[in-house]
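To keep things clear, I will list the structure first and then write my remarks on it.
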């Protein structure tokens with residue numbers, strides 16, 4: 001059943017409760033037991049808002065989310081060893097309905113975290129970030145694995161997240177638990193992110209030089225999952241795999257149709273981290289049936305013999321300061337060489353009807369205009385206007401005044417107060433069957 005259909009049925013149940021009927025716990029659980037319950041609840045919240053607007057009863061924009069993740073969260077988090085039949089005893093049926101939603105979210109998170117704590121090397125106590133599909137919100141959660149079982153609580157919510165825990169949004173979090181959780185996420189040696197049921201874990205003790213999932217990673221993962229489903233992709237590659245979040249998301253969502261996964265990176269630790277996160281997210285059947293290959297190599301030095309249904313890359317996309325050394329330490333996070341290599345090698349990477357998904361930015365000065373690619377590729381843009389505006393947080397650039405000013409002067413960055421912003425521009429390229437090979441960039 002599609003998520004929108006589940007939200008429609010939950011709205012019917014909500015309407016019953018609002019009319020005074022008791023919540024049907026079985027129905028709610030069946031609708032949320034599979035898939036991403038947080039995203040389904042967000043769809044429900046949207047439907048409730050539309051209904052209230054039509055009736056001119058002006059509730060808050062996120063009234064159901066506020067109910068589920070504030071009042072109810074604080075109530076249920078204090079309930080320990082309470083029999084099931086006694087837990088849902090709120091006088092207000094709508095609050096009882098919200099309690100059931102929250103309980104289903106906790107069950108979903110427990111099912112993910114429990115495996116990773118026991119078998120995947122996750123610390124037994126920690127904090128994490130949760131991003132439902134489309135990233136309308138980011139949720140902060142605390143968890144702990146105890147002898148009696150794993151306990152997890154959603155302690156805060158950031159609306160419209162556009163960067164990794166922006167400082168101004170941390171300070172606006174309500175309640176000491178949320179602020180404490182945010183502090184733990186920022187200072188811990190572990191970065192843990194869940195997006196649409198996929199958990200990515202960066203352990204700073206062993207994953208040296210590996211970046212955690214950033215906002216561009218999460219946006220690409222959402223798009224890659226959608227593309228893979230649309231194409232029924234059986235073979236997938238990620239170039240510059242980093243932490244493995246994108247390839248894991250595509251593999252998990254692809255189910256049994258995925259047969260081959262290949263990932264490349266120049267960093268040994270990145271290939272190892274990707275393999276660990278991927279295998280921890282696959283189920284037993286997928287682990288046995290999917291051919292998984294990790295390659296430590298530059299794309300230009302890799303022996304490209306396979307073609308794939310879907311190739312994904314979140315490359316370094318920020319132009320260097322003119323005249324800077326292309327081989328200096330900044331090459332790991334800046335420069336447009338990999339983008340050029342992907343375009344030049346597309347014919348070797350993607351098969352018939354295959355797609356190449358990658359992230360560009362307003363700071364990708366060489367690729368602001370895509371007209372030069374239109375003779376070779378059909379181009380699909382996953383953004384409108386100038387792109388998706390997000391904070392620019394590349395420390396190597398922010399600490400280099402001349403480079404920073406160069407990007408501002410060229411229109412790649414916008415300055416607002418003491419902060420800088422850029423526009424993300426995810427694109428999909430498909431080779432035209434009658435196209436000539438693209439000239440080197």
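Bear in mind that the values in this text are calculations on the coordinates, not laboratory data. Small disclaimer: the values here were computed from a predicted structure and weren't measured. Neighbour counts run over all protein chains shown; Cβ positions are idealised from the backbone, glycine included.
Couple of notes before you dig in:
- Order by protection proxy (mean Cβ within 10 Å, highest first), peptides 221-233, 2-14: 221-233, 2-14
- Note on the range 406-429 and the range 243-291: Cα centroid distance 32 Å, given to the nearest whole angstrom.
- Length gained when the stretch residue 297-residue 333 is fully extended (0.36 nm per residue, less Cα-Cα span): 11.3 nm
- Between residue 266 and residue 232, the contour length at 0.36 nm per residue exceeds the alpha carbon distance by 9.4 nm.
- Descending Cα extents along the principal axes, the range 215-431, whole Å: 52, 37, 32
- Computed from the C-beta positions of residue 381 and residue 352, the FRET efficiency with R₀ = 22 Å rounds to 0.45.
- Between residue 66 and residue 115, the simple spin-label model (points 7 angstrom out along Cα→Cβ) gives 3.7 nm.
- Pair residue 418, residue 160: separation of 7 Å Cα→Cβ label points (nm): 2.3 nm
- Residues residue 366 and residue 285, FRET efficiency given R0 of 41 Å [Cβ-Cβ distance, rounded to 0.05]: 0.40
- Counting other Cβ atoms within 10 Å as a rough exposure proxy, the listed residues 38, 349 run 349, 38 from fewest neighbours to most.
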